[in-house]
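**Student:** First the structure, then my questions, so here it is.
Read the figures in this text as sums done on the coordinates, not as results from a lab. Fair warning: this is a prediction, and the values are worked out from it, not measured in the lab. Positions of Cβ are backbone-derived with ideal geometry, glycine not excepted, and every protein chain shown enters the neighbour counts.
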Amino acid sequence: MIGYALLKLIIQTEDQLMVGGQVITGVIGLLLLITGLLQLKASRGGPASPRASLGGTRQELDLKNSDSLWLGLAQGLAALPGLSRSGLTVATLLLRNFKEDLALKLSF
């Protein structure tokens, strides 16, 4: 549904926005940076952080409907080029305080 909404938005503004390849490449680069920043935030500061290896505390039985909605939103946003589906879903689960190994398992 998110991808369809994005497609409709692009089609409606396509004639008004005369963008070239450089602008599109810049937007994709910006989205790649957003993915990287989200990964850093999810790992609580990166590999050098003392909390990075601790992970969250939530288990599989702690999954809620709201977690599913957040994961669906992350996957829908991954329709944009430059946003990694697995990167977004793992980061979403980590931000929802799930354990690192479980976040990887649920993402794939």
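**Student:** Which FRET efficiency, nearest 0.05, do Thr25 and Asn65 yield, Cβ-Cβ r, R0 35 Å? Please report the intermediate quantities before stating the final value.
**Tutor:** On the way: r = 38 Å, r/R0 = 1.09.
Once rounded, the FRET efficiency stands at 0.35.
**Student:** If you stretched the chain out fully between Leu40 and Leu104, how much longer would it get, using 0.36 nm times the residue separation minus the C-alpha to C-alpha distance?
**Tutor:** Once the chain is fully extended between Leu40 and Leu104, it gains 21.5 nm.
**Student:** Still on this model: For the ranges 34-42, 59-67, what's the packing order if you count other beta-carbon atoms within 10 Å of each residue, average per peptide, and put the highest first?
**Tutor:** Top to bottom by mean Cβ count within 10 Å: 34-42, 59-67.
**Student:** Next up: 5 Å is the cut-off here: which amide hydrogens, built 1.01 Å from N in the peptide plane, fall below it relative to Arg58, excluding neighbours closer than 5 in sequence?
**Tutor:** Hits under the 5 Å cutoff: Phe98, Lys99.
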